[in-house]
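Engineer: Supplied in structure tokens, the structure appears directly below.
Since every read-out is calculated from the coordinates, none of them should be taken as a lab result. Model, not experiment: these values are computed from the prediction. Cβ placement follows ideal geometry from the backbone for every residue including glycine, while neighbour counts extend to all protein chains displayed.
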Amino acid sequence: MKIAILTYHRSYNYGAMLQAVATRYILSHMGHQVYFINYWPKHQSLLYKEVSIWKTIKYCLKTNPLNVLKLSYKWLWQAIRRYKYEKFISKYISKYYGNEKAEYDVLLCGSDQIWRKQPITNNYNPFYFGDNDVKANIKMSYASSMGKLPQTKEDENTIKKLLKNLDYISVREKNLCEYIKINTPYNAIQVLDPTLLLTKEQWEDCVHIKEKMFLEPYVLVYDLGQKFDKNNIKHFANRNKLKVIETIQWIDFPEQQIKPATDNPADFLCLIKNASFVLTSSFHGMALSIVFNKPFYVTSSHNIDRFKSLLQTLKLEDRWLDNCNISNLLCRTIDYNTVKQILEKEKEKSINYLSENITKKKSNGK
């Protein structure tokens with residue numbers, strides 16, 4: 001079968017790119033020809049627009065000259081990060097771009113938060129719901145996520161209209177699955193995020209992962225929302241005799257003992273693979289910690305269901321932190337034998353959804 005994937009494939013974000021790569025890997029190993037639709041609307045590209053260093057310096061000189069060094073450092077860090085991400089895209093994504101005007105057997109929408117209200121526009125993007133000109137016999141979603149559920153009657157009606165474009169619907173979160181069943185005439189099933197469909201051995205086959213980046217044992221911190229107190233992290237690391245390695249999206253000045261990583265997604269996998277412990281407020285930081293059998297704690301203050309939904313499924317509720325004071329916590333291990341048994345059943349369900357619906361005829365029945 002000829003399959004086109006429509007997802008966030010160019011976001012400078014570890015999880016977004018890795019879920020895209022994982023989806024293509026799984027479908028390819030099922031024997032299909034798999035391509036990415038290189039859809040990258042302006043409202044998304046603007047989020048990663050490169051800022052001119054000269055304009056930045058001129059602005060600082062006119063306003064606050066003391067900021068020149070700080071902003072120049074941030075610009076350099078972001079330029080290096082951009083280069084590494086583009087290199088990853090070139091190696092693992094762009095060579096699989098398909099022709100948007102070609103005919104496909106299946107258009108697969110997902111995963112990640114493609115169904116959220118899009119940044120800048122603050123509207124749902126119909127293109128990610130299959131309302132587009134991509135020609136396909138079947139249009140379906142896989143592990144699509146919305147983040148915040150519709151809050152108004154207008155949003156609810158919009159979602160009903162958009163879901164009509166899809167023949168088969170699967171989503172990542174339990175609350176979205178229940179919302180669709182209760183508030184729309186369509187059916188949906190809950191499936192795993194693509195990053196969880198691969199074993200650690202398959203990830204090493206899919207992406208070139210370095211052997212090691214650090215020799216000393218370390219706790220990896222991937223804290224998108226800055227939920228963990230830096231002093232608590234240091235207490236936790238000292239108590240457990242670990243170095244602190246932090247990989248982050250944006251940076252000011254690096255703190256002592258903290259590595260301001262500009263890693264690409266492949267290096268992020270290396271950091272998780274070799275970590276002694278992981279502290280994160282990222283969904284994919286949590287998911288990949290599970291894949292690589294790492295002890296972890298996770299917390300967040302928004303879109304909490306995406307975390308708790310997975311933790312409840314895998315009986316890992318104790319890894320969620322409501323109180324982020326981690327200074328006195330120990331590096332408690334996880335019984336990954338039990339987790340693996342549950343995960344294998346969920347994988348089977350998710351892959352069956354793909355294999356069964358990809359080969360079906362167009363239904364419109366949902």
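Engineer: Which angle between 0 and 90 degrees, to the nearest 10, do you get for helix 230-239 versus the longest principal axis of the chain when only C-alpha atoms count?
Structural biologist: The helix 230-239 is inclined about 80 degrees to the chain.
Engineer: Still on this structure, I have one more. Test of understanding: in a Gaussian network model of the chain with alpha carbons linked when under 10 Å, which of Asp167, Asp193, Asp318 would top the mean-square fluctuation ranking?
Structural biologist: Judging by the Gaussian network model, the answer is Asp318.
Engineer: If you don't mind, another one. If I build a Gaussian network model for the chain, linking alpha-carbon pairs within less than 10 angstrom, which residue out of Leu197, Leu76, Leu215 has the largest mean-square fluctuation?
Structural biologist: Leu215
Engineer: Considering the chain as a Gaussian network with a 10 Å cut-off on Cα pairs, which listed residue, Arg81, Arg332, Arg172, attains the greatest mean-square fluctuation?
Structural biologist: Arg332
Engineer: Students often check this: by mean Cβ neighbours within 10 Å, which of 149-156, 100-107, 16-23, 295-302 ranks highest, and how do the rest follow?
Structural biologist: Result, highest mean Cβ count within 10 Å first: 16-23, 295-302, 100-107, 149-156.
Engineer: Label points 7 Å out from Cα along the Cβ direction at Lys181 and Asp322: separation in nm?
Structural biologist: That separation, rounded to one decimal, is 2.6 nm.
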